[in-house]
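> Structure in structure tokens, see below.
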Amino acid sequence: IVISTAGAMIGMIPSGLFLLTSMALAVGVIRLAQNNTLVQELYCIEMLARVDTLCLDKTGTITDGTMTVKSIIEYKNETGLALKNIISAMLNAQNDQNLTSDALADRFGTAKRIRHKELIPFSSSRKFSAVQFDR
């Protein structure tokens, strides 16, 4: 249908060209939707055709904006404390409001089970935060 319609529209140049272009872009949107891709603007299909490398980050800005802890692999916990209690106490001490801490809090909670001695808040220059606990 599209090929025969394209032939008819070329005969109607220049007005048919606009309709033909819109139809081609709409077909592109439908094909991307079949791969679970949302297209916000129709003309973006044309720009996407020129992309040969797409770099994504882990912040959720290109996804749905949520993070979830799906599984936990505990490796040599020699503290004698449950991992859940350690992470929960760390979240309580830090009191951060970001996607990562929210995902951890959903999984482990924020109960104050262990008292902390010292807190080093997150710094973008250091690229870490730390909590030291009483034993």
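Laboratory data are not the source of any read-out in this text; all were calculated from the coordinates shown. Because the structure is predicted, anything quoted here is derived from the model rather than measured. No Cβ is skipped: glycine too gets one built from the backbone with ideal geometry, and neighbour counts run over all protein chains shown.
> In which sequence would Asp106, Asp134 go, from the one with the fewest C-beta neighbours within 10 Å to the one with the most?
Taking fewest neighbouring Cβ atoms as first place, the list is Asp134, Asp106.
> Give me the base-10 log of I(q)/I(0) for region 83-133 at each q in 0.25 Å⁻¹, Debye formula, one uniform scatterer per Cα, rounded to two decimals.
Debye output, listed in q order: -0.95.
> Of Met90, Met23, Met47, Met67, how do they rank once you tally other Cβ atoms within 10 Å and put the fewest first?
Least to most surrounded, the residues fall as Met47, Met23, Met67, Met90.
> How do Tyr43, Tyr75 line up, fewest other C-beta atoms within 10 Å first?
Tyr75, Tyr43
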